[in-house]
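The values are calculated or read from the model by the stated rules, or taken from the named source; none is laboratory data. Given the structure is predicted, the values throughout are model-derived calculations rather than measurements. Methodologically, a virtual Cβ is constructed for each residue, glycine included, from the backbone with ideal geometry; neighbour enumeration extends over all protein chains shown. Protein only, heavy atoms only, side chains kept; ligands, DNA and RNA dropped before computing areas. Shrake-Rupley method; radii C 1.70, N 1.55, O 1.52, S 1.80 Å.
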Amino acid sequence: MADVKVPVLGESITEATLGEWLKNPGDPVKLDEPIASLETDKVSVEVPSPVAGVMGDQLVKVGDTVAVGAVIATIGEGGTGAAAPAPASAPAAPAPTTTGEQTGPGEQVRERGADAAALSPSVRRAVLETGVDPSTVQGTGKDGRLTKDDVVAAAAAKPAAAPAPTAAPAVPASAGGRKEERVRMTRLRQTVAKRLKEAQNTAAMLTTFNDVDMTEVIAARTKYKDLFEKKHGVRLGFMGFFVKAAVQALRDIPSVNASIDGEEIVYHDYADISVAVSAPQGLVVPVIRDAQDLSVAGIEKTIGDFGKRAKEGTLKMEEMKGGTFTISNGGVFGSLMSTPIINPPQSAVLGLHRIEDRPVVRDGQVVVRPMMYLALSYDHRLIDGREAVTFLVALKNAIEDPTRLLIDL
């Protein structure tokens, strides 16, 4: 009998929440095969089995808080980890095929045995929500693993199933009723709430706005996007331009890239840019390290990789630590304007918003241009209004004339 303990989760992280059991008692388990998923302040972490054998007792429940090093389950002897102990129950196997109520997506995930462990928590959730049989979907992730997008695409392509009408009569039963549902906050959501409130209580936050004409960047992207993707294997987006422009502006206005530590100001000669990306469990903020040394192509590749792995739930803890400045793009969700909140200990965050055609005056003429509002929230204890406005103007100038990025103006 072997104990399964909560692994080391990262620097300063001492506990986590049990998000999901990936193995049930009696299931065969391979060495290093994930048996549970933990939710930390930042990411989901899978707990591997220390030995090959059979899943024993589950000592904690989903939703329980567990400390690093705590025993959460046991693994019994007598198994090789191969999907084997099915002979005794083989006669019962045909039965579920005749009763649809026993072959839901949750049962399909469990019945796949060792294969189920290859599914990340976000993919499992998508399987349960869509009813897609994961064994029928071709994975496009690393080593052929399923991604959430694979499951969603399979669900969209799946024709309307015949049993669907039979489930419909159950809906009118709740007609006229008012319902409430209490759902425990995930550890990630609790941490986000705590940190955002701390930022409001600690920093003297102020937001300044500007707008930017996206005409030239859109033209450059339209002209070179096909060649760019062919050469670099990644799509050319707008974030590459904004990160590059932000790095240049941070170099000119170093206080925006600094932080307060007690009674000292810490200035950084590097730019680690945190980029907010959407994940199934909420917003996560991985960091582009040494962005000042990356080309637009390098930035786009890094962001693309972050976005893909955020959906799969495979971002690493260390990839979301640190950061000297944050860029949050609410425009992808349709936001026109916002006042983003600082991510401590950083002193500023840039908010990008949707692009929309608006009338503006150019050379005395009213013309229609694709415009975007920019918002810079900053800690007024460290950054003066003049510096904040100067930073936004430098960013605006670089985006409106991308040539500046090439000749370092």
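Karplus-based coupling profile of segment 333-342, in residue order and whole Hz: 9, x, 5, 8, 7, 7, 10, x, 9, 4, with θ = phi - 60° in 6.51 cos²θ - 1.76 cosθ + 1.60 and x standing for Gly or Pro.
For segment 212-217, backbone phi angles converted through the Karplus equation (6.51, -1.76, 1.60; θ = phi - 60°) give residue-by-residue couplings of 9, 7, 8, 3, 5, 5 Hz, Gly and Pro being listed as x. For segment 224-371, a crude dipole built from +1 on the beta carbon of Lys and Arg and -1 on the beta carbon of Asp and Glu, taken about the Cα centre, is about 720 debye to the nearest 20.
Cα convex hull, segment 280-409: 145 Å³ per residue, rounded to a whole number. Whole-Hz Karplus values for segment 366-379 come out as 7, 10, 9, 9, x, 10, 9, 7, 10, 10, 10, 8, 8, 8 Hz, taken residue by residue from phi with 6.51 cos²θ - 1.76 cosθ + 1.60 and θ = phi - 60°; glycine and proline positions read x. Look at where the Cα atoms of segment 299-376 and of segment 243-285 average out, and the two centres are 13 Å apart. Rolling a 1.4 Å probe over the protein heavy atoms gives segment 235-344 an accessible area of 43 Å² per residue.
Apolar share of the accessible surface for segment 283-366: 56 percent from carbon plus sulfur atoms, 1.4 Å probe.
Solvent exposure of segment 16-69 amounts to 39 Å² per residue of accessible area, where only protein heavy atoms count and the probe is 1.4 Å. Available extension along the chain between Phe209 and Arg184 is 5.4 nm, counting 0.36 nm per residue and deducting the alpha carbon span.
Here segment 337-409 is assigned +1 on the Cβ of each Lys and Arg and -1 on the Cβ of each Asp and Glu. Its dipole about the Cα centre then comes out at about 140 debye.
Counting heavy atoms of the protein chains alone, Thr14 has an accessible area of about 100 Å² for a 1.4 Å probe. In the context of the full protein assembly, Phe238 retains an accessible surface of approximately 60 Å², using a probe radius of 1.4 Å and ignoring ligands and nucleic acids.
In this view, the solvent-accessible surface of Lys61, computed with a 1.4 Å probe and all protein chains in place, comes to about 150 Å².
Taking 0.36 nm per residue of separation and subtracting the current Cα-Cα distance, fully stretching the chain between Ala156 and Lys61 would add 30.8 nm. A Förster radius of 30 Å, combined with the Cβ-Cβ distance separating Lys225 from Gln138, puts the computed FRET efficiency at roughly 0.60. Under a plain spin-label model, where a point goes 7 Å from the Cα along Cα-to-Cβ, how far apart in nm are Leu283 and Glu20? About 2.4 nm, to one decimal.
Near Glu46, the amide H atoms lying under 5 Å from its own belong to Leu38; only residues 5 or more places off or on other chains count, and H is placed 1.01 Å from N. Ordering Tyr373, Tyr270 by accessible surface, largest first, gives Tyr270, Tyr373; the 1.4 Å probe counts only protein heavy atoms, with every chain in place.
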